[in-house]
Amino acid sequence: MSSLSSSRSSQAIVIGAGFSGIAAATELASQGVDVVVLERHNHPGGRARVFQEAGFTFDMGPSWYWMPDVFEAYFEKFGSHVNEELDLVRLDPSYKVWFTGESLDVPAAFESMQVAFESMEKGAGQRLADFMAEAKIKYDIGMSEFVWKPAHNVLEFADWKTVKQATHLSLFTSFSKHARRYFTDPRLLQIIEFPVLFLGAKPEKTPALYSLMNYADTMLGTWYPMGGMHEIVRALVRVAERNGVQFHYEQDVASIDANQGKVSGVTLRDGTKWKAETIIAAADYHHVEQHLLPAAFRRYDATYWDNRVMSPSSLLFYVGVDIRVPQLKHHNLFFDTPFGPHASTIYDDPAWPEDPLFYISAPSKTDSGVAPEGHENLFFLIPLAPGLSEEEGQREFYFNHLCDRLESHIGLDIRPHIVFKRSYAHAEFQEDYRAFKGNAYGLANTLKQTAFWKPKMKSKLPGLFFTGQLTTPGPGVPPSLISGEVAGREAKSWLEVGN
Ligand SMILES: Cc1cc2nc3c(=O)[nH]c(=O)nc-3n(C[C@H](O)[C@H](O)[C@H](O)COP(=O)(O)OP(=O)(O)OC[C@H]3O[C@@H](n4cnc5c(N)ncnc54)[C@H](O)[C@@H]3O)c2cc1C
């Protein structure tokens, strides 16, 4: 190794090129800070990486483009425009829900959704409007103000109280109770409760303030960037580089170094040292705090982490078939079995589920570029408890189970048509992202793990900050972008006054 490569420096280092890391670096660079991103993989995106095989382009993680306003504001802020960077289409229907013996295309237009709700439960059309009006207030306040707080102390959130007193919003009651004040039909409840499943906890354990997610899903729409979700990553990297960020791949950080009681740089697994005045850790919080940081500077211990409610892991299948599957839409939720027993295996008594709910994304419905002509690109997802161990043949068992269930709905067995298949679960999440217990979406947004009660953005080691889906504001692509921007601001303040 040359002496040049064994010791390098930058004013700021960001560990990890997922959404939060790219955003943090862009925030710093846009404020004139010299910043490098060190990423262990050979391309950016983190959980939103991509791979190509047999003529298919598979997005590895996120498939729902929600909260378009967050992306718009992001590109605007960093000198571009979302329409210059992405070719977005609004999906209609937004998604399809498969119940036992029937299915519903959930339309993009709100009035049509009201009609669909009314047809399933008398009065539900108007109640949907009432529900959304309340959710909108939460979304507007939450997204304009509260998600942008670094959550250093609880006083930052004192205003929620004022808001609650003034408007009687449902904030801290359970989401499940809140939804039942409006709807009774189990199908409607499933539709209303599904967006909060993204937050990683049961609706009973999720605070009602997160009905803002319903506003995002229903009123702001479900979108898709042509080319695939990874196009977002490409766009973010372009914008970051234009702002001056430098990306370095295959840089596996092995430790965070301290000198005279503050952060001084990192050491890579190959021994290379990088010096910096500030570091933003955008890799999984648990991995960084427990494995990269000297013990004296850890705020949390193993017991703390064991007591966290992690959001689910997932069993994923990336499947290419040599036929079109006309019955499927772009997003398909299979709610054809009761969620209760499955939810119990995720959140109460971790186990492999018997009859799981599952999700299929078929981006080739919208985008002919992600599959060869006449083929379909299918992504299967079963949410699972984090930390499960796996037995030989288990993945195949579940894949066959899903194919049987799909066949029972559409009358077609896709198995003879498979030309490519790859599975992904806990072991890969652990290996690829050093994900604690193989979690997919970070930390669950339960009441006790919201805002101020999440792992802190600011480390005990001065000059080190955390960002990403395990800290504020939480899991999901838009929150990760916001998290990165907030951490970038914090690191910039540190460079100005704290250093
Ligand atoms: C299957 C799945 C489906 C999802 N669906 C959606 C969806 O539809 N919509 C949505 O909004 N969100 C979705 N999410 C959530 C969303 O993808 C995440 O919240 C978001 O991508 C997290 O970004 P991040 O920056 O926090 O972390 P990550 O994307 O995990 O990035 C962390 C990066 O750090 C790197 N790294 C780790 N350790 C080191 C080290 N020691 N040295 C150097 N680099 C390191 C990793 O390689 C990785 O690139 C989904 C997630 C998954 C897994």
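The values are calculated or read from the model by the stated rules, or taken from the named source; none is laboratory data. Everything numeric here is computed off the predicted structure, so don't read it as measured data. Ideal geometry is used to build each Cβ from the backbone, glycine not excepted, and the neighbour counts take in all protein chains shown.
Within the stretch 471-478, identify whether any single residue is outside any loop (DSSP other than H, G, I, E, B) and out of contact with any strand residue (DSSP E or B) (no Cβ under 8 Å at 6 or more places or on another chain), and answer yes or no.
The answer is yes; a qualifying residue exists.
Quick one: what pairs do we get from the stretch 422-441, first residue within 11 Å of the ligand (Cβ to nearest atom), second among the charged types (D, E, K, R), C-beta under 6 Å, 6+ apart or different chains?
TYR433/ASP284; ARG434/ASP284; ALA435/ASP284
Do you know which of the residues in the stretch 30-45 that are closer than 25 Å to GLY227 by Cβ and buried (at least 21 other Cβ atoms within 10 Å of the Cβ) is nearest to the ligand (Cβ to nearest atom)?
Across the stretch 30-45, the extreme among qualifying residues is GLU39.
Of all the residues that make up the stretch 406-434, how many are out of contact with any strand residue (DSSP E or B) (no Cβ under 8 Å at 6 or more places or on another chain) and closer than 17 Å to SER480 by Cβ?
Residues in the stretch 406-434 being out of contact with any strand residue (DSSP E or B) (no Cβ under 8 Å at 6 or more places or on another chain) and closer than 17 Å to SER480 by Cβ: 3 in total.
Let's see how each residue does on (1) more than 12 Å from the ligand (Cβ to nearest atom); (2) part of a loop (DSSP other than H, G, I, E, B):
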| position | (1), (2) |
| --- | --- |
| ARG47 | no, no |
| GLN52 | yes, no |
| THR57 | yes, no |
| ASP69 | yes, no |
| GLU72 | yes, no |
| PHE75 | yes, no |
| GLY79 | yes, yes |
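Which members of the stretch 55-69 meet the condition of being crowded, with 19+ Cβ neighbours inside 10 Å and either at positive phi or among the hydrophobic types (A, V, I, L, M, F, W, C) (or both)?
The answer is PHE56, PHE58, MET60, TRP64, TRP66, MET67.
Being away from the ligand (no atom under 11 Å from the Cβ) and of a type in the set (Val, Ile, Thr) is the filter; apply it to the stretch 263-308 and report the residue that is farthest from the chain's Cα centre (by Cα).
The selected residue is THR272.
What single numbered condition from (1) assigned by TED's automatic domain parsing to the domain that holds ASP284; (2) assigned to a loop (DSSP other than H, G, I, E, B) fails to hold for LEU412?
Evaluating LEU412 over (1) assigned by TED's automatic domain parsing to the domain that holds ASP284; (2) assigned to a loop (DSSP other than H, G, I, E, B) leaves (1) as the failure.
Just need a number here: residues in the stretch 459-498 that are more than 25 Å from VAL82 (Cβ to Cβ) and under 21 Å from the mean Cα position of the chain (by Cα).
Looking only at that region, the number is 4.
Can you name the number of the only condition in (1) more than 10 Å from the ligand (Cβ to nearest atom); (2) over 30 Å from ILE418 (Cβ atoms) that SER255 fails?
Every listed condition holds for SER255 apart from (1).
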